[in-house]
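Peer 1: Before I ask anything, let me first share the structure, which is written out below as structure tokens.
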Amino acid sequence: MHSAPNLVLVGPMGAGKSSIGRRLAARFGLAFVDVDHEIEVRTGATIATIFDCEGEAGFRAREQAALAAVLEGERRIVATGGGAVLDADNRRRMRARGFVVHMHADVETQLARLARDRARPLIAGDDRAGVLHRLAQARAPLYAEVAHLRFDTGAYGCPEAAAALGHLVETHWRPPGAPHVAAPA
């Protein structure tokens, strides 16, 4: 059993970090924080606007600051952006302040889930599949490096994924203040 202040969800866009994370937060009675939403609240601008005005580097700097602030809290389920793992300090901080779950979804699943999404700057062009394949190739080793647990969301709808992941989390993670339950003999 891993004890950590927070449960951190990493993985590609369309893996279900936010939708499943909200359900897990309700199940465990914890606060839910979506880092991308936190960035938008702090800046008063959408992620797309930040990308337009400051580029990806500007967005990543804001992401690093928001993630650091969010992870200072406890008893939170934190949904990160898909690229949060690109920064070594982010990966170190996530491991130190959370039990990290890599929520995996293959590119075909991502494409289906993101078919109507026009708000994500990295897939704004015509070659969504190509972009998602390149992102997956670059980021997969980083997700593997940071994660304590890997969970494939592709085979599930949101309610089923949340239930299955909830069972796994219960056996692997204990938030601060949660009673320690001895394993059956």
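Peer 1: Mind sorting out which of [x] 1.12; [y] 0.95; [z] 1.01 is the real Cα Rg over 2.2 N^0.38 Å computed from the coordinates?
Peer 2: Recomputing Cα Rg over 2.2 N^0.38 Å here gives the entry labelled [z].
Peer 1: Could you give the length gained by full extension between T171 and A68, i.e. 0.36 nm per residue of separation minus their alpha carbon distance, to one decimal place?
Peer 2: On the way: separation 103, 0.36 × 103 = 37.08 nm, distance 2.66 nm.
Full extension of this stretch gives 34.4 nm more.
Peer 1: What is the chain's relative contact order, in percent, from Cα pairs under 8 angstrom and six or more apart in sequence?
Peer 2: On the way: 276 pairs, mean separation 68.4, N = 185.
Once divided by the residue count of the chain, the mean separation gives 37 percent.
Peer 1: Show me the ranking of peptides 32-38, 148-154 by mean Cβ neighbours inside 10 Å, starting with the highest. Let's see the in-between values first.
Peer 2: Working: 32-38: 20.3, 148-154: 18.6.
Ranked from most to least packed, the peptides come out as 32-38, 148-154.
Peer 1: Further question: Taking only DSSP H segments of four or more residues, each worth -39500 (n - 2.57), what value at 222 nm results for the chain once the sum is divided by all its residues, to the nearest 500 deg cm²/dmol? Walk me through the intermediate numbers first.
Peer 2: Numbers: 7 runs with 97 residues, N = 185.
After summing the helix terms and dividing by the residues of the chain, the value is -17000 deg cm²/dmol.
Peer 1: Excluding G157 itself, calculate the net charge of residues whose Cβ lies under 14 Å from the Cβ of G157, where each Lys or Arg counts +1 and each Asp or Glu counts -1. The partial results should precede the final answer.
Peer 2: Values: positive: R23, R113; negative: D152, E160.
Net of charged neighbours comes to 0.
Peer 1: On to the next question. In the stretch 1-116, with Lys and Arg counted as +1 and Asp and Glu as -1 at Cβ, which of these residues, S19, P5, V70, has the Cα nearest the positive end of the dipole, that is, farthest along it?
Peer 2: Comparing the listed Cα positions along the dipole, P5 ranks first.
Read-outs: derived from the displayed coordinates by stated rules, not from any lab. Note that this is a predicted model, so its numbers are computed, not measured. Using ideal geometry, Cβ is built from the backbone for each residue, glycine included, and neighbour counts are taken over all protein chains shown.
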